[in-house]
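To start, the structure under review is shown below, and the notes come after it.
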Amino acid sequence: MAVEIEASRRLTYYAAWVRETGKSIILEAAMAKLFASESAKRVVDKAMSVHGCYAYTKEFTIERLYRDVKLGELYEGTPEVQKILIAAKVLYAR
């Protein structure tokens, strides 16, 4: 879980760095968003398994994170939209 979180963080930092250089970040932002949202789903799912039935109670933060993951995924475009942006950018770059 830590590896996925760190990889998501690094992709996001890279997109921010590209933005600071003044270049277009459509590809980098879409890649970071897609990877981070899919990683979040996997990490929360694993955390739910670790906590067992307690994960569903409001006393544990994981319960809120479980709900927030879906909202975060849809907030700025579904994974399918991000995949289309990435494919279009990669295909037209050649």
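A few remarks follow.
- Residue match in the range 48-55 (condition: in a helix (DSSP H, G or I), of a type in the set (Gly, Ala, Ser) and either within 16 Å of ILE86 (Cβ to Cβ) or at pLDDT 95 or above (or both)): no
- All told, LYS89 falls short of being of a type outside the set (Phe, Trp, Tyr) and in a loop (DSSP other than H, G, I, E, B).
- The range 1-34: number of residues that are in a loop (DSSP other than H, G, I, E, B) and of a type in the set (Lys, Arg): 1
- Subset of the range 1-58 (residues that are more than 16 Å from THR78 (Cα to Cα) and small (Gly, Ala, Ser)): ALA2, ALA7, SER8, ALA15, ALA16, GLY22, SER24, ALA47, SER49, GLY52, ALA55
- Taken together, the residues in the range 63-86 that are surrounded by 13 or more Cβ atoms within 10 Å (Cβ to Cβ), part of a helix (DSSP H, G or I) and hydroxyl-bearing (Ser, Thr, Tyr) amount to 1.
- Count - residues of the range 19-47 that are surrounded by 15 or more Cβ atoms within 10 Å (Cβ to Cβ) and either out of contact with any Phe, Trp or Tyr (no Cβ under 7 Å at 6 or more places or on another chain) or modelled with pLDDT under 90 (or both): 17
The values are calculated or read from the model by the stated rules, or taken from the named source; none is laboratory data. The model shown is predicted, which means the values in this text are computed figures rather than measured ones. Positions of Cβ are backbone-derived with ideal geometry, glycine not excepted, and every protein chain shown enters the neighbour counts.
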